Amino acid sequence: MSMFKKMELSEEKSKKQPEKKAEKVKCLIIGSGPAGYTAAIYAARANLHPVLYEGLQPGGQLTTTTDVENFPGYPDGITGPEMMEDFKKQAARFGTDIRFGLATAADLSASPFKITIDNSKEIHADSLIIATGATAKYLGLESESRFMGSGVSACATCDGFFYKNQDVAVVGGGDTAAEEALYLSGICRKVYLIIRKDHMRASVVMQERVMNKKNIVVLYEHVTREIVGDGNGVSGVLLINSKGEEVMIDVTGFFVAIGHLPNSSIFRDYLVTDEVGYIKTMPGSTKTNVDGVFACGDVMDAHYRQAVTAAGTGCMAAMDAERYLGIRDIP
Ligand code: NDP
């Protein structure tokens, strides 16, 4: 071999990045909402030695709500962050390895599945439980974020009760907005439904239900400009109608229902999703189209989106993973 060739080879060698050492785990859980932690509790008790990455928002969506009154087992209610702390403690008690970090890439082409954390560390997982949740879309107004949790909410089932016999507003014209408005109409005195177009996108049956409710006032062609209030909370919403006129409605609650985005983008090259991005699972299970990959909670549920239903599917995912690992007999 010539000297020249030798030099080329050694240069090539020195250019090579040092190989990242991957960590091998039996059961990897991504996400720390009710689904992720419940999966962790079950997986840890089944000796799967789960490793759980918390993601961008440790504790999930519930950490942005105040009181949770509809999760069984808390007769006096509990705050969202406190409840998620309880979930975390319970998962840790059985030995779940809970880590701070965000899954930034995934290769699900073969088992073990390769998940990259924070663009650097690679985990090789024999089974994968995706519990990454969904993110509610917001209008993006400064006043909206200012009153988040003190008048502004993205979940009527969670927070509607706090506005009993009061006047509230819902923004959005889809099925979620119709459903939220109908739910609130049974609790509140008056519900304004703010729709930016001259028609609703919701299904006909939902539209009919909305129209049949005497205490729902539909405001077509109205756009939200600002949520108004003070240190005590929200007192009104400033709207602009199609003529460019300002309209002020007096409400104490403002519910945003303009859709959710499931946090599934890094898996979409491998997993079957619906057109929005919700991961499709086999009916009655949490199995995805990739053997050994399971999805639970809001990332696969466009319909119920409740903490208790997410916890239920988290339990299912751990049991499905246990069965899968048992069948494959992975030590
Ligand atoms: P959709 O995407 O169907 O509707 C979102 C609504 O929000 C639209 O009316 C849209 O207006 C409006 N919107 C979006 N951005 C803004 C904005 N910046 N300002 C004001 N309005 C805005 O989402 P949903 O969550 O309602 O539904 C998602 C899916 O889940 C749908 O397929 C739905 O059918 C389904 N679903 C079914 C239910 C049921 O069957 N009971 C219950 C809940 C959901 P525009 O129309 O102008 O774009």
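The values are calculated or read from the model by the stated rules, or taken from the named source; none is laboratory data. Predicted, not measured: the structure shown is a model, and the values here were computed from it. Every residue, glycine as well, gets a Cβ built from its backbone with ideal geometry; the counts of neighbours run over all protein chains shown.
Of the strands (runs of 3 or more DSSP E) lying entirely inside the range 220-284, those containing at least 3 residues that are closer than 30 Å to F294 by Cβ are 260-262.
Looking across the range 267-308, just one residue is under 21 Å from I41 (Cβ atoms) and free of Cβ contacts under 8 Å to residues at least 12 places away in the same chain, and that is Y304.
Residues checked against (1) under 20 Å from D250 (Cβ atoms); (2) surrounded by fewer than 20 Cβ atoms within 10 Å (Cβ to Cβ); (3) at pLDDT below 95:
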| site | (1), (2), (3) |
| --- | --- |
| H124 | no, yes, no |
| R146 | yes, yes, no |
| G151 | yes, no, no |
| C158 | no, no, yes |
| N165 | yes, yes, no |
| V168 | yes, no, no |
| C188 | yes, no, no |
| Y192 | yes, no, no |
| R196 | no, yes, no |
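For the range 26-80, a residue qualifies if it is of a type in the set (A, V, I, L, M) and touching a Pro at 6+ places or on another chain (Cβ under 8 Å), and the qualifying residues are L28, I29, A39, A40, A43, A44, L62. Can you confirm whether the range 242-255 contains a residue that is in contact with a helix residue (DSSP H, G or I) (Cβ under 8 Å, 6 or more places away or on another chain) and either near the ligand (Cβ under 10 Å from one of its atoms) or among the polar types (S, T, N, Q) (or both)? Yes. Taken over the range 163-195, the residue count meeting the criterion of being more than 10 Å from the ligand (Cβ to nearest atom), over 12 Å from L219 (Cβ atoms) and either in a helix (DSSP H, G or I) or among the hydrophobic types (A, V, I, L, M, F, W, C) (or both) is 7. Here M200 qualifies as more than 20 Å from S143 (Cα to Cα) and at pLDDT 95 or above. The combined condition, being over 19 Å from Y304 (Cβ atoms) and touching a Phe, Trp or Tyr at 6+ places or on another chain (Cβ under 8 Å), is fulfilled by V171. State whether one or more residues within the range 136-146 are within 16 Å of the ligand (Cβ to nearest atom), touching a residue at least 60 places away in the same chain (Cβ under 8 Å) and charged (D, E, K, R). Within the range 136-146, one or more residues are within 16 Å of the ligand (Cβ to nearest atom), touching a residue at least 60 places away in the same chain (Cβ under 8 Å) and charged (D, E, K, R).
Tell me whether the range 303-310 contains one or more residues that are farther than 28 Å from S185 by Cα and of a type in the set (F, W, Y).
No, there is no match, as no residue in the range 303-310 is farther than 28 Å from S185 by Cα and of a type in the set (F, W, Y).
Can we say V204 is among the hydrophobic types (A, V, I, L, M, F, W, C) and either touching a strand residue (DSSP E or B) at 6+ places or on another chain (Cβ under 6 Å) or away from the ligand (no atom under 16 Å from the Cβ) (or both)? Taking the combined requirement at face value, the residue does not satisfy it.
Residues in the range 39-89 that are touching a Phe, Trp or Tyr at 6+ places or on another chain (Cβ under 7 Å) and in a helix (DSSP H, G or I): I41, A44, R45, M83, F87, K88. Kindly provide the set of residues from the range 207-233 that are more than 20 Å from L182 (Cβ to Cβ), away from the ligand (no atom under 12 Å from the Cβ) and out of contact with any helix residue (DSSP H, G or I) (no Cβ under 9 Å at 6 or more places or on another chain), ordered by number. Of everything in the range 207-233, those that are more than 20 Å from L182 (Cβ to Cβ), away from the ligand (no atom under 12 Å from the Cβ) and out of contact with any helix residue (DSSP H, G or I) (no Cβ under 9 Å at 6 or more places or on another chain) turn out to be D230, G231, N232, G233. V290 fulfils the conditions (1) in a loop (DSSP other than H, G, I, E, B); (2) over 20 Å from V25 (Cα atoms) except for a single criterion, (2).
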